[in-house]
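Data block below; observations after.
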Amino acid sequence: MPGKMTVNGYRHKLNGHLHGVSSAVCRKIPDPSSQRLNWVKTPLSVLIIKKPFDPTVTHAFRDLVLWLIQEKSLLVFVEENVVKDEVLAEDYEFINVQDKLQKFREGVDDLEDKVDFIVCLGGDGTLLYASSLFQQSVPPVIAFNMGSLGFLTPFPFDSFKDRINHILKGQAPLLLRYRLKCVMMNHMNKEEPSKPIPHVKNIDKNQQNISTHILVLNEVVIDRGPSSYLCNLDLYIEGHLVTSVLGDGLIISTPTGSTAYSVAAGASMIHPNVPCILITPICPHSLSFRPIVVPAGAEIKVTLAPEARGHAMVSFDGRNRQEMGQGSSLRITTAAYPVPSICARDQIDDWFSGLADCLHWNVRKPQKPLSTCTSLTSLDSLSMDFDHTK
């Protein structure tokens, strides 16, 4: 039966006989060193998600599948359309193992409790897509950088055998990436008597008047879409009207998503292990509207203001774009199911390396030392200047 992991006071069920480092007491402050992968039973199955339309990734995918099946004897899950690639269709060695592959279709086949861990071949978008396939518990993910940016994918593919062997042995460092639970509700039915709406954490996808129930890894974006009018949104936190948003829109992101659209809109970068939600305006029509950070678990509600001149558009991790009109509300909170990402070194080194390598954060030429003396304080310099004037 599936194992369970208790990390930093965050009780989280994982698939595939996975168990984390146990703790005698629940910690309220996240402890990065305690988040490690520890298998209590050897993994039996793996899901491979690859970047589409890239021959380089297709060749890597082929080598990985053959190795996992022939040498590691693992049950391999792949998307049904992946095996139809023209390059793979002409590879006789790959054709011989096709019958052993477990194929699935997005939105049709359920992967819950079938996969022990996930291998991503691609960029950050590939990891976002893998996250979207699991709307509850997510198996541990190892992401190989074969995309454009690679901020979330710290592993090079050339050493994939050593990396995966290390993971199969356990004790790899983990980073629990928080996700957002997002619920779009429609309240247009005036014939039904109004009922109090529970906190978004208690809303399930089978409840009435729900048009969208989704977990996202990066962010939710509300924007004005094709309308020429400014977005006019009312922002509530824990039921309190905090402010009205006049501008191009609003970004509500996880700490992981803080380095994506949010930072491009002027927000701070937040380490993924920080439990919080980031709210960032897009081109606000106010010089004083700055990004804010609220505690993880808080309920955020966004509605169109009654005087709004047009509708708004909502997208979830860049997908499932839909319209939000009068009578609809978007409710967001921290999801109970994070994404356990396997680190290349550790949480701190991976994140700061990504900031420097991918975003060039604080990258500049070093300052040259003074040639006349090894060290001078500002007071020493002032004293020397005074002596020269005598």
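The values are calculated or read from the model by the stated rules, or taken from the named source; none is laboratory data. Predicted model only: the values in this text are computed from it and were never measured. Neighbour counts are summed over all protein chains in view; Cβ atoms, including those assigned to glycine, are modelled from backbone coordinates with ideal geometry. Heads up: the accessible areas ignore ligands, DNA and RNA and are worked out on the full protein's heavy atoms, side chains in. Shrake-Rupley method; radii C 1.70, N 1.55, O 1.52, S 1.80 Å.
Take the conditions more than 19 Å from residue 262 (Cα to Cα), out of contact with any Phe, Trp or Tyr (no Cβ under 9 Å at 6 or more places or on another chain) and in a helix (DSSP H, G or I) and apply them to residue 353. Does it pass? I'd like the intermediate steps shown before the answer.
On the way: more than 19 Å from residue 262 (Cα to Cα): yes; out of contact with any Phe, Trp or Tyr (no Cβ under 9 Å at 6 or more places or on another chain): yes; in a helix (DSSP H, G or I): yes.
So residue 353 fits the description; yes.
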Which residues, counting only those in segment 306-328, are on the phi < 0 side of the Ramachandran plot, open to solvent by less than 40 Å² (accessible area, probe 1.4 Å) and assigned to a loop (DSSP other than H, G, I, E, B)?
308, 310, 325
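Scanning for something among the polar types (S, T, N, Q), open to solvent by 20 Å² or more (accessible area, probe 1.4 Å), closer than 30 Å to residue 228 by Cβ and touching a Gly at 6+ places or on another chain (Cβ under 9 Å), does segment 270-291 turn up at least one residue?
The first filter runs over segment 270-291 and keeps only residues among the polar types (S, T, N, Q), leaving 273, 280, 286, 288.
Going one step further and asking which of them are open to solvent by 20 Å² or more (accessible area, probe 1.4 Å), we end up with 286, 288.
After this cut, where a residue has to be closer than 30 Å to residue 228 by Cβ as well, the list is 286, 288.
The next check asks that each one be touching a Gly at 6+ places or on another chain (Cβ under 9 Å); those that pass are 286.
Within segment 270-291 (the criterion being among the polar types (S, T, N, Q), open to solvent by 20 Å² or more (accessible area, probe 1.4 Å), closer than 30 Å to residue 228 by Cβ and touching a Gly at 6+ places or on another chain (Cβ under 9 Å)), the answer is yes, since at least one residue qualifies.
Would you point out which residue out of 242, 263, 200 is open to solvent by 40 Å² or more (accessible area, probe 1.4 Å) and out of contact with any helix residue (DSSP H, G or I) (no Cβ under 9 Å at 6 or more places or on another chain)? Break it down stepwise before answering.
Numbers: 263 fails: out of contact with any helix residue (DSSP H, G or I) (no Cβ under 9 Å at 6 or more places or on another chain); 200 fails: open to solvent by 40 Å² or more (accessible area, probe 1.4 Å).
Just one listed residue meets the conditions, 242.
Residues that are touching a residue at least 24 places away in the same chain (Cβ under 8 Å), surrounded by fewer than 17 Cβ atoms within 10 Å (Cβ to Cβ) and out of contact with any helix residue (DSSP H, G or I) (no Cβ under 6 Å at 6 or more places or on another chain): list the helices (runs of 4 or more DSSP H) wholly contained in segment 46-122 that include at least 1 such residues.
Working: elements: 55-70, 86-89, 92-95.
Those helices (runs of 4 or more DSSP H) span 55-70, 92-95.
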Considering only residues that are touching a Ser or Thr at 6+ places or on another chain (Cβ under 7 Å) and of a type in the set (Asp, Glu), which ones fall in segment 216-256?
219, 234
Report the residue count in segment 141-177 for those that are in a loop (DSSP other than H, G, I, E, B) and surrounded by fewer than 23 Cβ atoms within 10 Å (Cβ to Cβ).
11
